[in-house]
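Here is the structure we will look at, set down as structure tokens.
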Amino acid sequence: MKNIFTIMVMILGLTAFSTCGQHAIFYIIKEEIKPIPPHIEGSPTKMVVFEREYGTVKVPIMYVASGRLHWYAKENKGQGAPDWDLDEYEIEQPERGSKIIGLAVTENYLFALCLPRNSLNSNLYSIDKTSETWTRVNFGPSVAHPIIQSIHSDPESNWLFASLRDNDSIEKNYSILVMEDNQTVMRILKTETDMLSQAIYRAAEDIFYLSTRGDGIYQISQSDLSLFDETKLIQLKDETVSDNDDDDEDEEEKNKKNRKNITGMIKLDTSGNQPIIAIERDGGFLYEVNNGSFERMLNSGGMQIQTRRYSTGALALWTNPEPSHLVGKLLIAGIQESLVNTASQSYTYGYVEFFLNPDGTFDKVAGRNESDLFSVDNQDRYSSTIGKHPVNHLFQAPKEINENLIFFASTQNAGLWSYKEREGGSQWNAEN
């Protein structure tokens, strides 16, 4: 009888488990979102906002490229509804037969990095706020083969930076190029370094901060930029490890500790009163960047603040479109779960959230959001949509362009996505 009772309990348990599993499967199927063909396919660039002038009217326009240039703005000179590629804001493509692989914006210029077909040598173009045609940017005599990998700028400055891949076989085979935006020739600022990942300008200090994918973070004053003197570029010290330095270590070993793979940086405000935040590739550790040094961010309990995933470098400030909501501001970071693909494990992509205070400062008490995401209404929809895709860039359109503060994501190979109200409710899907 005891054996019979045990068998009956096992059967009931398996039945209940099976039923619960079926309910879960049916729920997942119910919440599954049908993919939409993207208006912008492939691997879109980062999104930038550039104000164009049409007579006496100034119109902020969001630009993004995936092969060719696209634009997003309110119709009727900024008075109507926002839409893509409106005829009234039509702009010529920088170079026929070329693929746009990068965009950057300074105070007065929009830049496009183009890669011609069947060529490794990049071409760089600029256009100001009123021109109809693009201007070719040249490279100094020391740049023999302009294999530019990326371009970077701070919209509040008038300097452009570029990451040049050298043909030499040296370990640090990148150079950093720089140019004031009203010039037409880029020159070398730094040789034998790693790929440039971001450029941030802090006006209060008049300093540029340059992050790299292996050499950590550099800084240079704006007045020193025009000297094109490599010795003026200062490599910041990681204060996280400075206190643990071994006095017997040679200078080379100590310098290695500063050479972080920094995938991105972001400013929390434009006043310069708050630190710049940088993110590291492995583990997604966050760093506070200040004049002369950077160090890992700690929460109020002394724990390091991180994504706990690989960082894709995508960083964005997010403001809740619903002002009365409990959480009003977030810092959002793109993640990649693993670098290894197997048939036995699922992977999470998408992004994670960090809490900001109402004034925009980083909330070190709350730190990372460990529960359901606040930027979406339905977690299952998120997991089955953008959660399946690596995100290269994140951007929230300003109110001047979209009243609903639409949130965009450039995926690695599935085109441009957005989070907004669609059939079936608010959801992430391809922007169309």
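No value in this document is a laboratory result; all are computed from the given coordinates. Note that the structure is predicted; figures quoted are calculated from it, not measured. Quick reminder, even Gly has a Cβ in these numbers, built from the backbone with ideal geometry, and neighbours come from all protein chains shown.
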Original post:
So between Leu405 and Lys129, what do we pick up on full extension, going 0.36 nm a residue minus the alpha carbon distance?
Top reply: 97.0 nm
Original post:
Roughly what percent of Cα-Cα pairs across the chain reach past 42 Å?
Top reply: 18 percent
Subject >> Rg [Å, one decimal], Dmax [Å, integer] - region 43-190, C-alpha atoms >> reply: 15.8, 54
Subject >> Kirkwood Rh and Cα Rg combined as Rg/Rh, region 122-174 >> reply: 1.04
Subject >> Net lengthening on full extension, Val365/Arg117 (0.36 nm per residue, minus Cα-Cα) >> reply: 84.2 nm
Original post:
Where does the chain land at 222 nm, in deg cm²/dmol rounded to the nearest 500, when only DSSP H runs of n ≥ 4 count, each adding -39500 (n - 2.57), divided by all residues?
Top reply: -3500 deg cm²/dmol
**OP:** At 0.36 nm per residue, minus the direct Cα-Cα distance, what do Asn357 and Glu107 gain on full extension? Give it in nm, one decimal, please.
**Re:** 87.2 nm
**OP:** Give me the compactness ratio for region 137-249, meaning the Cα radius of gyration over 2.2 N^0.38 Å.
**Re:** 1.11
Original post:
From the square roots a ≥ b ≥ c of the eigenvalues of the alpha-carbon gyration tensor of region 290-394, which class results: rounded (a/c under 1.5), prolate (a/b over b/c), or oblate?
Top reply: oblate
Subject >> Long-range Cα-Cα pairs in region 382-432 (distance over 12 Å), rounded percent >> reply: 62 percent
**OP:** Taking the chain as the reference, fit the longest principal axis to its C-alpha atoms, fit the long axis of helix 2-31 to the helix C-alpha atoms, and give the angle between the two in degrees, 0 to 90, nearest 10.
**Re:** 40 degrees
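If each residue's Cβ is checked for other Cβ atoms within 10 Å, how do Trp417, Trp84 rank with the fewest at the top?
On the way: Trp417 25, Trp84 15.
Listing Trp417, Trp84 from fewest to most nearby Cβ atoms yields Trp84, Trp417.
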Original post:
Using the 10 angstrom Cβ neighbour count as an exposure proxy, how do Glu171, Glu32 rank, fewest first?
Top reply: Glu171, Glu32
